[in-house]
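Presented below is the structure to which this report refers.
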Amino acid sequence: MSIERKKFWEAWGQSNALYEVWAAWKNVNSKLLFVLYELDHGDYITQKMIADYTGIPKQTVNTVIRGLIADECVTLTAGKNDRREKLVVLTEKGKAYAKEVLDPLYTLEERVFDVMGEERVQQMIDTIFLFNTVFEKEMKRGMKENERRE
């Protein structure tokens, strides 16, 4: 393994582990934390979108959403363009719960961003988006080449 790949995986893994540790410290399941994070940032979001944005398997997202429905923290409503599409919407109780869970995390992230500085934070975001774009393009290319060989 090249040094770059090894360092990349260490950095990626450490970031994930830090959020896992923070969630455990706050007595919150990390999958619930990530689902709440997405719900708190969008009025128009489906379970599929949550899975796509977080990398959490759709079935796991569904399980978390079912728990939030049972706790009366979210409701499902029909989509505007496609009535079969179900939008996940935080209830007032859910908004209060999300605020309780997420506000301390937002404060921590803001402190980290302040230490890093606006320019470095923007470079980090741009670099991650570039990596994801190139990775997706190259992955699709590799999949197509593999299909042609089979």
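None of the figures in this text is laboratory data; all of them are computed from the coordinates on show. Since we're looking at a predicted model, the values are computed, not measured. FYI the Cβ positions are ideal-geometry reconstructions off the backbone, even for glycines, and counts take in every protein chain you see.
Some notes on this structure:
- With a Förster radius of 41 Å applied to the C-beta separation of Phe8 and Arg83, the computed FRET efficiency comes to 0.45.
- When shorter helices are ignored and each DSSP H run of at least 4 residues is given -39500 (n - 2.57), the per-residue value for the chain at 222 nm works out to -25500 deg cm²/dmol.
- Considering only alpha-carbon pairs that sit under 8 angstrom and 6 or more positions apart, the relative contact order computed for segment 1-130 is 19 percent.
- Counting all C-alpha pairs of the chain, share separated by more than 28 Å (%): 34 percent
- Of the peptides 130-142, 30-42, the order by per-residue mean of other Cβ atoms within 10 Å, starting with the highest, comes out as 30-42, 130-142.
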